[in-house]
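Have a look at the structure below before the remarks.
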Amino acid sequence: MPSMFPVLDMPQRLLMGAGPCNVHPRVLRAMACDVIGQMDPEMTACMDETAELYRQVFCTKNRHTLLVDGTARAAIEAALVSLVTPGMKVLVLRIGRFGLLLTEIVERAGGIVCPVDVPWGEVVQVENVKAAIEEHEPSLLVTVHGDTSTTTAQPLQAIGELCKEHGILFYVDATATLGGMPLLVDAWNIDVATGGLQKCLGGPPGSAPITMSERAVKAIMARRHDEAGIRGTAPQGDGPVIRSNYFDLAMIINYWSAERINHHTEATSMLYAAREAAQIALEEGLDARFLRHRKAGAAVAAGIRAMGLEVYGDDALRMSNVTGVWVPEGCDANRVRTLLRTEFEIEIVSSFGPLTGKIWRIGAMGVNAAKHKILLTLAAFEAVLAGENVPVVRGAGIDAARAAWEAQQ
Ligand SMILES: *Cc1c(COP(=O)(O)O)cnc(C)c1O
C-alpha cells in the first residue's frame with residue numbers, strides 16, 4: 001500500500017490577518033473553469049480582457065499591463081531585475097519590512113542602493129526625497145505604497161512629480177493597497193506598479209498584476225533579453241542582459257503582445273482568478289470599494305480603542321485595511337492568537353523585526369472588509385483578552401465599531 005492521507009479538507013477560517021484573506025466565492029468558481037491551450041484564441045482573448053480590467057484597477061492607460069505568474073513578490077522581482085542594471089543608483093524609500101525586500105532585490109540585481117530610512121510607523125517626507133535625489137542622482141526610485149509590516153501608507157503623488165521632474169523612473173510595490181486604497185498610476189506619474197491578489201482584491205495568492213509606462217518599457221526593451229539566441233524573432237536591445245529568464249519583463253511583454261512570442265505557460269487557473277477578482281472590484285466600483293475598506297479600518301480602530309487598547313501608528317498615515325494593536329504589558333501575544341484560532345477559527349497576525357511580539361495586526365481586506373466579520377473578530381478578541389486577564393471594557397468595542405462603520409464617509 002502506498003502511504004496515503006485523508007481527502008484534503010481545510011478548516012473554514014476567518015482570515016483577518018495581513019493576507020491572504022478569504023477568497024471571493026466567484027473567484028473560486030472561476031478557477032474551476034476548464035484549462036484550455038495556451039495559444040487557444042479563447043485563452044488569448046481572456047488574457048487581453050484581463051489586461052483591460054487591470055488598466056482600470058491601476059487607473060492607467062498603460063498598454064503594457066499584464067500578469068506575472070507567482071505571488072506578489074514575483075512581480076516585484078520581475079520589475080526590479082528588468083529595470084536595475086549593474087552599477088545603477090537606486091533610491092529606496094524604506095518605511096518597513098517590504099522596503100528591506102526591495103533593497104535586497106535591487107542589490108541582487110547589481111544596483112547600488114541609496115536608502116532613505118524613517119523610524120517604523122512614519123513615512124518619508126517629500127523634502128527628504130528631494131534632498132536624496134539631489135545628493136545621489138539616482139536613475140530609479142523604488143518604494144512601497146502600503147507597508148503591511150508597519151500598517152503605514154506612503155503618500156506617492158509628490159514623489160511621482162519629483163521623479164518626473166528629474167527624469168527618474170518610479171517603481172511602487174502596491175501589493176497591499178491595490179483595490180483597497182486609491183492608487184492612481186497615471187495621475188501620480190508611477191512608471192511601474194505591481195500588486196497581488198490575496199490582499200484587497202480578494203483572490204488567492206499566485207498571480208501578480210503589473211503595469212508599465214512607455215518610458216519604463218523603453219528602458220526594459222533596450223536590454224538584451226535572449227542570451228541563448230533561441231528566440232530569433234524577438235526584438236533585442238544591446239543594453240546589459242536581464243539576469244533572469246522567468247522574470248524578464250521584455251519576454252513577458254512579448255508573450256502578452258499580439259505577437260504572442262512564447263515564454264512560460266500562462267498560469268491558466270490563476271488567470272481566471274485574476275480576471276474574476278478585477279471584474280468583481282470594478283463591478284463594485286473602485287470608490288465604493290475604497291470606502292468599504294475605510295469603513296472597515298475605522299471600525300477596527302474604534303473598536304480597539306473603546307475596548308481600552310491602543311492602536312499602533314499615526315491615524316493620518318495608517319492604511320485603511322490593516323490595523324496594528326499594541327500588545328498590553330504582560331499579555332502573551334502568541335497565546336491570544338492561538339486561542340482566537342483554536343476557539344473562534346479566526347486568524348490575526350503578529351509583525352516583523354522591531355515590532356515582533358509588540359503589536360498584533362488585524363486586517364480587513366477584500367471580502368473580509370465586511371461589518372459582520374469585523375464585529376465577530378472584535379467580539380472574539382475581547383473574550384480572549386478578558387480570559388487572559390487583560391482589563392478590557394466589555395461590550396464597548398462592538399458598539400464603537402458599529403457606530404464608526406456607519407459614520408465613516
Ligand atoms: C504581502 C506583501 C508582499 C508579498 O507578497 P507575496 O504575495 O507574499 O509575494 C509584498 N509587498 C507588500 C507591501 C505586501 O503587503
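The values are calculated or read from the model by the stated rules, or taken from the named source; none is laboratory data. Note that the structure is predicted; figures quoted are calculated from it, not measured. With ideal geometry, Cβ positions are generated from the backbone for all residues, glycine too; neighbour counts draw on all protein chains shown.
Pairs linking a residue in segment 63-74 that is hydrophobic (A, V, I, L, M, F, W, C) to a residue that is more than 12 Å from the ligand (Cβ to nearest atom), with Cβ atoms under 6 Å and 6 or more positions apart or on different chains, are L66/A51; L66/W256; L67/A274; V68/I210. Residues in segment 304-345 that are assigned to a helix (DSSP H, G or I), of a type in the set (D, E) and under 25 Å from the mean Cα position of the chain (by Cα): 0 in all.
Cβ-Cβ contacts under 7 Å between residues 6 or more apart (or on different chains), taken from a first residue in segment 155-180 that is within 17 Å of K89 (Cα to Cα) to a second residue that is of a type in the set (D, E) and crowded, with 21+ Cβ neighbours inside 10 Å, are listed as L169/D191; F170/D191; Y171/D191. Tell me yes or no: at least one residue of segment 36-50 is within 14 Å of the ligand (Cβ to nearest atom), in contact (Cβ under 8 Å) with a residue 12 or more places away in the chain, within 18 Å of G196 (Cβ to Cβ) and not hydrophobic (A, V, I, L, M, F, W, C). For segment 36-50, residues within 14 Å of the ligand (Cβ to nearest atom), in contact (Cβ under 8 Å) with a residue 12 or more places away in the chain, within 18 Å of G196 (Cβ to Cβ) and not hydrophobic (A, V, I, L, M, F, W, C): absent. The set of residues in segment 236-254 being surrounded by fewer than 19 Cβ atoms within 10 Å (Cβ to Cβ) and of a type outside the set (G, A, S) consists of Q236, D238, P240, V241, R243, N245, Y246.
The criterion of at least 1 residues that are of a type in the set (S, T, N, Q), surrounded by 24 or more Cβ atoms within 10 Å (Cβ to Cβ) and in the same structural domain as Y255 (by TED's automatic domain parsing) is met by the following strands (runs of 3 or more DSSP E) wholly inside segment 124-218: 140-144, 192-194, 207-212. The residue pairs whose first member lies in segment 346-375 and is closer than 15 Å to A18 by Cα, whose second member is in a strand (DSSP E or B) and of a type in the set (K, R), and whose beta carbons are closer than 6 Å, counting only pairs six or more residues apart or on different chains, are V349/R361; S351/R361. Here E310 clears all of (1) crowded, with 21+ Cβ neighbours inside 10 Å; (2) acidic (D, E); (3) over 17 Å from A78 (Cβ atoms) except the condition numbered (1). Residue by residue through segment 306-341, note down the ones that are under 23 Å from A176 (Cβ atoms) and among the charged types (D, E, K, R). Of everything in segment 306-341, those that are under 23 Å from A176 (Cβ atoms) and among the charged types (D, E, K, R) turn out to be E310, D314, D315, R318, R337, R341.
One residue alone among H293, H225, H264 is in contact (Cβ under 8 Å) with a residue 60 or more places away in the chain and either of a type in the set (V, I, T) or assigned to a loop (DSSP other than H, G, I, E, B) (or both), and that residue is H264. Helices (runs of 4 or more DSSP H) fully within segment 1-91 that include at least 2 residues being surrounded by fewer than 21 Cβ atoms within 10 Å (Cβ to Cβ) and more than 17 Å from the chain's Cα centre (by Cα): 25-31, 41-57. Look at (1) closer than 30 Å to G397 by Cα; (2) under 21 Å from the mean Cα position of the chain (by Cα); (3) not hydroxyl-bearing (S, T, Y) and you find that A273 fails only one, number (1).
Got a number for residues in segment 133-147 being more than 16 Å from the ligand (Cβ to nearest atom) and within 26 Å of the chain's Cα centre (by Cα)?
So the count comes out to 5.
Taking the residues in segment 186-198 that are within 16 Å of the ligand (Cβ to nearest atom) and closer than 24 Å to E127 by Cα as candidates, determine which candidate is nearest to the chain's Cα centre (by Cα). For segment 186-198, the residue satisfying everything is A193.
Take the residues in segment 1-34 that are β-branched (V, I, T) and touching a residue at least 60 places away in the same chain (Cβ under 8 Å); name whichever of them is nearest to V322 (Cα to Cα). Per the stated criteria, the residue is V23.
Listed by first and then second residue, the pairs with beta-carbon distance under 8 Å, at least 6 apart or on different chains, first residue in segment 134-147 and within 17 Å of A109 (Cβ to Cβ) and of a type in the set (S, T, Y), second within 16 Å of the ligand (Cβ to nearest atom) and at pLDDT below 95, form an empty list.
Filtering segment 110-123 to residues that are assigned to a strand (DSSP E or B) and touching a helix residue (DSSP H, G or I) at 6+ places or on another chain (Cβ under 7 Å) leaves V113, C114, P115, V116.
Every condition in (1) crowded, with 18+ Cβ neighbours inside 10 Å; (2) outside any loop (DSSP other than H, G, I, E, B); (3) touching a strand residue (DSSP E or B) at 6+ places or on another chain (Cβ under 8 Å) holds for E107 except the one numbered (1).
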